[in-house]
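Heads up: the structure comes next, in structure tokens.
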Amino acid sequence: MSTKKGLRWLSGTASPERLDDGSTIWHGFISDITTLKETLAFQNAEKERQANELIQSYERNMVLSRQVNHMQKLESIGRLTSGIAHDFNNILACMTGYNEMNQDVANDITNAALKAELEHNTEQIHLAGKRAMDLINKMLTYCRQEIVEKEINIKPTQEIIHEVLNMLRPALTNRIKIEYLNLCHINYDDCGTCVKQDSCETDIEIDAIDLHQILTNLAVNARDAMKEHSGTITFALNTVTNIKTICLACSEILDGDFVELSVGDNGAGIESKITHRLFDPFFTTKPQGEGTGLGLSTVSGLVHKSGGHILVDSSQNELNHGTTFRLLFPPILTEYR
Ligand SMILES: Nc1ncnc2c1ncn2[C@@H]1O[C@H](COP(=O)(O)OP(=O)(O)OP(=O)(O)O)[C@@H](O)[C@H]1O
Ligand SMILES: [Mg+2]
């Protein structure tokens with residue numbers, strides 16, 4: 001009922017009574033239940049709030065326990081890997097040393113056919129040894145990234161991206177185009193060096209060598225995803241606001257504004273059933289000998305070391321949709337002198 005004091009809720013009951021003369025009278029009363037209704041509504045809202053709080057705290061605990069499990073798994077894999085890599089390194093040093101001695105022996109051989117065969121064999125051992133050494137270095141880089149306290153070399157992000165693009169060009173075949181979209185304009189001199197010395201909203205606080213490694217790994221994966229087809233790898237630096245999502249690598253809930261650095265391709269895309277394994281060390285879908293599966297786990301370690309997180313947009317259903325790795329970093333304002 002609408003009154004001068006506002007809306008009031010009334011509740012009424014009535015019961016009939018038959019009188020001797022055959023007529024009926026009604027007994028009843030009406031009460032104002034507005035306060036009761038308000039109390040009930042308040043209690044319900046309070047119960048709902050408590051239930052929501054419980055759900056949120058349960059979800060936070062689940063995320064935390066997933067993160068702890070993941071970190072423990074990575075730590076034990078890291079320890080195991082670094083032990084193996086270390087021992088393997090020593091054995092390899094011994095093998096390559098003996099191979100070099102054989103190369104010296106080959107130089108002294110006068111029999112041309114024998115000399116050529118020995119040179120060929122030692123060269124193959126040398127190449128295989130080099131591949132093994134690269135692999136060990138990758139394993140050691142993966143293991144050391146958390147441990148080594150190195151001096152951080154921070155440069156303007158755009159400058160690092162330009163350096164990486166210049167370096168990548170020869171590693172990509174002509175059928176792959178590189179595109180760079182930036183929303184923060186800094187001038188570059190003829191050598192590709194940043195010459196504008198003021199602040200830039202889209203900077204990331206990250207070690208230059210780490211960012212090199214991150215972008216190179218993502219670009220090489222993008223190249224491999226395009227296989228023999230032609231395509232474009234798109235690097236983009238941007239600011240994004242009001243992001244509400246979960247990091248694919250560490251499951252942390254992300255809520256807020258970030259600087260986004262993305263690497264996109266129009267390659268084969270990633271099957272949704274493997275996306276949760278992408279950042280696991282040694283996870284690869286490449287044939288034996290072509291991938292170690294340490295690229296993305298290294299990327300994840302380096303991105304998180306700088307307070308960043310990772311999202312992956314990918315689809316195999318739409319033609320040439322490809323994959324975009326989106327790295328989200330906390331925004332900073334830096335001044336370079
Ligand atoms: N851009 C991409 N498009 C499609 N699949 C990708 C892409 N990037 C990564 N992947 C998938 O993720 C897997 C893991 O990548 P990761 O870089 O960790 O290892 P890898 O490339 O297989 O080996 P490497 O250690 O040599 O980098 C790849 O094997 C591939 O299946
Ligand atoms: Mg890779």
Subject >> Hits in the range 89-116 (condition: in contact (Cβ under 8 Å) with a residue 24 or more places away in the chain and among the hydrophobic types (A, V, I, L, M, F, W, C)) >> reply: L92, M95
Original post:
Are any residues in the range 8-58 within 30 Å of E252 (Cα to Cα) and charged (D, E, K, R), and if so, which ones?
Top reply: E46, K47, E48, R49, E53
Subject >> A249 vs. criteria part of a loop (DSSP other than H, G, I, E, B) and within 26 Å of K155 (Cα to Cα) >> reply: yes
Original post:
Is it the case that some residue within the range 319-335 is modelled with pLDDT under 90 and in contact with a Pro (Cβ under 9 Å, 6 or more places away or on another chain)?
Top reply: yes
**OP:** Select from the range 252-289 the residues that are in a loop (DSSP other than H, G, I, E, B), on the phi > 0 side of the Ramachandran plot and in contact (Cβ under 8 Å) with a residue 12 or more places away in the chain and write down the one among them that is nearest to ligand 2 (Cβ to nearest atom).
**Re:** F282
Subject >> Check on H86, surrounded by 13 or more Cβ atoms within 10 Å (Cβ to Cβ) and within 30 Å of I246 (Cα to Cα) >> reply: no
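Test V303 against the criterion of being within 16 Å of ligand 2 (Cβ to nearest atom), assigned to a strand (DSSP E or B) and in contact (Cβ under 8 Å) with a residue 60 or more places away in the chain, and give yes or no.
Judged against the criteria, V303 is not a match.
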Original post:
Do you know which residues across the range 2-40 are surrounded by 10 or more Cβ atoms within 10 Å (Cβ to Cβ) and in a loop (DSSP other than H, G, I, E, B)?
Top reply: R8, W9, I33
Original post:
Does G293 count as assigned to a strand (DSSP E or B) and not polar (S, T, N, Q)?
Top reply: no
**OP:** Looking at (1) of a type in the set (A, V, I, L, M, F, W, C); (2) near ligand 1 (Cβ under 10 Å from one of its atoms); (3) over 24 Å from Q158 (Cβ atoms); (4) modelled with pLDDT of 90 or more, find the lone condition where F282 falls short.
**Re:** (4)
Original post:
Only one of (1) at pLDDT below 90; (2) within 30 Å of K138 (Cβ to Cβ); (3) in contact with a helix residue (DSSP H, G or I) (Cβ under 7 Å, 6 or more places away or on another chain) is not met by L74, so which one is it?
Top reply: (3)
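The values are calculated or read from the model by the stated rules, or taken from the named source; none is laboratory data. The structure presented is a predicted model; accordingly, all values stated were derived computationally and were not measured. No Cβ is skipped: glycine too gets one built from the backbone with ideal geometry, and neighbour counts run over all protein chains shown.
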